1. Which three lengths, in whole Å and largest first, does region 85-130 cover when its Cα atoms are put on their principal axes?
2. Please report, to two decimal places, log10 I(q)/I(0) for the chain at q = 0.18, 0.20 Å⁻¹ as given by the Debye formula with identical point scatterers on the Cα atoms and no solvent.
3. Pairing the Cα long axis of helix 47-71 with the longest principal axis of the chain, what angle in degrees results, from 0 to 90 and rounded to the nearest 10?
4. Relative contact order, percent, of the chain when contacts are C-alpha pairs under 8 Å separated by at least 6 residues?
5. Mind checking the angle between helix 19-42 and the chain's longest principal axis? C-alpha axes, 0 to 90 degrees, to the nearest 10.
6. I need the Debye-formula profile for region 17-71: one equal scatterer per C-alpha, no solvent, reported as log10 I(q)/I(0) at q = 0.15 1/Å, two decimals.
7. What ranking do 70, 21, 75 get, fewest neighbouring Cβ atoms within 10 angstrom at the top?
8. Please build a GNM for the chain, connecting alpha carbons under 10 Å apart, and tell me which residue among 72, 117, 30 fluctuates the most.
């Protein structure tokens, strides 16, 4: 258990030179992917027209999650990490609710807007600990 704590919950957050710019770049690619995927699904375009956007969104999203968890695992216990987990559940529900794609995608965008731009007191709050961590 001690090794897992050191891996996922280091004493200090990890970082490296250029991490902020990498995160900004990944977020930008992620938004571009969401835009292309949303357009494709909402306008019933052929899969071949939007599948690249899907992969860009998934890969950049996974890279952002990996980077956040690598920096410090407490991210998963904060509202900002929980929001990502909720968005992943909604995203994986898309194929099971044909005809409701626009509502599911809009809910993902809504959650993204709130969780990304809410005050730090909200983003860093952990419902597991009942306080900011």
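Computed from the coordinates by the stated procedures, all read-outs in this text should not be read as laboratory data. Just so you know, these numbers come straight off a predicted model, no measurement behind them. A quick note on method: Cβ atoms are made from the backbone with ideal geometry, for glycine too, and the neighbour counts reach across all protein chains shown.
1. Principal axes ranked by extent give 37, 20, 10 Å for the Cα atoms.
2. Normalising to I(0) and taking log10 leaves -1.07, -1.23.
3. Long axis of 47-71 versus the principal axis of the chain: about 10 degrees.
4. Details: 119 pairs, mean separation 32.1, N = 133.
It comes to 24 percent, rounded to a whole number.
5. Taking Cα atoms only, the helix is inclined about 30 degrees.
6. -0.44
7. Values: 70 17, 21 9, 75 22.
So the ranking, lowest neighbour count to highest, is 21, 70, 75.
8. 117
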